[in-house]
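Notes follow once the structure below has been shown.
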Amino acid sequence: MTNAVAVLVFAGVVAYALFGGADFGAGFWDLTAGGAQRGRAARHLIDLSVGPVWEANHTWLIYCLVMLWTGFPSAFAAITTTLYIPLGLAALGIVLRGAGFAFRKVALRTAEQRLYGVAFACSSVITPYCFGSVAGALASGRVPTGGHGDPVTSWLNPTSALGGVLAVLVCAYLAAVFLSADARRLHSDDVETAFRARALLAGVVTGLVCIGGIFVLDADAPRLFHQLSHRGLPLLVISMVSGVASLLILALRRHVGERILAALAVAAVVCGWGVAQYPYLLGTHLTIAEAAAPDSTLWVLTGVAITAAAVIAPSLAWLYILQNRGRLGARA
């Protein structure tokens, strides 16, 4: 049961990395779109693409939190009492991001629109960086079993910095691929070309950072490096092949499966981290079995998760289908 619940938790992590990551990446491109005139078309596309789904995507974050604190309460306590600074910054970023995105649409003055736009865009970068730094802290063993670890060095370290930078870059890459497809659907040729170029750039930069990250992990998190280069290697190869294939499709303008391949590249690398981390939940000192709640709680939690999936998953799937078909917003 402990492994089953751990898989259910990690499934939510992968889903949030994909769906929430694409939203955060859109905010990154909003931040770098340029001035009011030069970035108008890109920001309009971002509003159309993100508007109908950005609140729904946080369902996955809520799911992960509830599953973690119910299924593995001791680990949840250790994480929140040690990493409260990046988690607090991420929560603040989510709130400011939502407020900025919503208020920008109804603001009448240009100065107010810019202020809300900056809040939305900057929060879209800070939040995934903080989540990535949390993942780095967990993977490198900087969260003690009893909690109350160092609130600064636990997330300000080489592995956490690598995790944060990779989280921002992966979100940017995923969003650019998705936005390029949305621009094509809306027949915005110039915007499609711009986001195709951004997707290629983000993909190449992400690949280079991953190569540099090998040396960071080898020096700062040797166990994680060893497990990634052995147990997690097949998933990393799948991620690399899928990412390269998606970039080739974009470069050749074949427009067949680039979004699926981009999502697979991200999902595979996240799963690679999970496989490398197993059977530990925190570093190398707290296993999944040791952190788990009693079996009776895990059985109930599994039943609740299955019921929630049966009720919510079809609604979310229908929402994404309608969004991809352009049925939830005006055309560009």
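Which one of these is touching a Leu at 6+ places or on another chain (Cβ under 9 Å), of a type outside the set (Phe, Trp, Tyr) and buried (at least 17 other Cβ atoms within 10 Å of the Cβ): Leu89, Leu83, Leu61? Quick ask: steps written out before the conclusion?
Details: Leu89 fails: touching a Leu at 6+ places or on another chain (Cβ under 9 Å); Leu61 fails: touching a Leu at 6+ places or on another chain (Cβ under 9 Å).
Checking each option against the conditions leaves just Leu83.
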*Does Ala251 satisfy the condition of being crowded, with 21+ Cβ neighbours inside 10 Å, touching a helix residue (DSSP H, G or I) at 6+ places or on another chain (Cβ under 9 Å) and not charged (D, E, K, R)?*
no
*Please work out which one of (1) buried (at least 18 other Cβ atoms within 10 Å of the Cβ); (2) of a type in the set (Ser, Thr, Tyr); (3) closer than 30 Å to Leu208 by Cβ; (4) more than 15 Å from the chain's Cα centre (by Cα) is the condition Thr127 fails and give its number.*
(4)
_Any chance Arg223 is buried (at least 16 other Cβ atoms within 10 Å of the Cβ), among the charged types (D, E, K, R) and closer than 27 Å to Leu252 by Cβ_ = no
*Just wondering, is there one or more residues in region 309-329 that are assigned to a helix (DSSP H, G or I) and closer than 18 Å to Phe76 by Cα?*
no
*Look at region 139-158 and say how many of its residues are surrounded by 17 or more Cβ atoms within 10 Å (Cβ to Cβ) and at positive phi.*
2
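Can you name the residue in region 187-206 that is part of a helix (DSSP H, G or I) and more than 18 Å from Phe28 (Cα to Cα) and is also modelled with the highest pLDDT among such residues?
Going through region 187-206, the residues part of a helix (DSSP H, G or I) turn out to be 189-206.
From what is left, the residues that are more than 18 Å from Phe28 (Cα to Cα) are 189-190.
Details: Asp189: 89, Asp190: 92.
Going through the qualifying residues, I end up with Asp190.
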*Verdict on Thr153 being closer than 19 Å to Ile79 by Cβ, without any contact (Cβ under 8 Å) to a residue 60 or more places away in the chain and either out of contact with any Asp or Glu (no Cβ under 7 Å at 6 or more places or on another chain) or among the hydroxyl-bearing types (Ser, Thr, Tyr) (or both)*: yes
*Kindly indicate whether Gly326 is surrounded by fewer than 18 Cβ atoms within 10 Å (Cβ to Cβ), touching a residue at least 60 places away in the same chain (Cβ under 8 Å) and closer than 28 Å to Tyr173 by Cα.*
yes
*With the condition kept exactly as written, say whether any residue in region 56-72 is within 30 Å of Ile306 (Cβ to Cβ), under 17 Å from the mean Cα position of the chain (by Cα) and without any contact (Cβ under 8 Å) to a residue 24 or more places away in the chain.*
yes
*Which of the residues that make up region 293-319 are surrounded by 15 or more Cβ atoms within 10 Å (Cβ to Cβ) and among the hydroxyl-bearing types (Ser, Thr, Tyr)?*
Thr297, Thr302
_Regarding region 284-292, can at least one residue be identified that is crowded, with 20+ Cβ neighbours inside 10 Å, within 21 Å of the chain's Cα centre (by Cα), of a type in the set (A, V, I, L, M) and in a helix (DSSP H, G or I)?_
no
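The values are calculated or read from the model by the stated rules, or taken from the named source; none is laboratory data. Just so it is clear, the model here is predicted, and its values are computed rather than measured. FYI the Cβ positions are ideal-geometry reconstructions off the backbone, even for glycines, and counts take in every protein chain you see.
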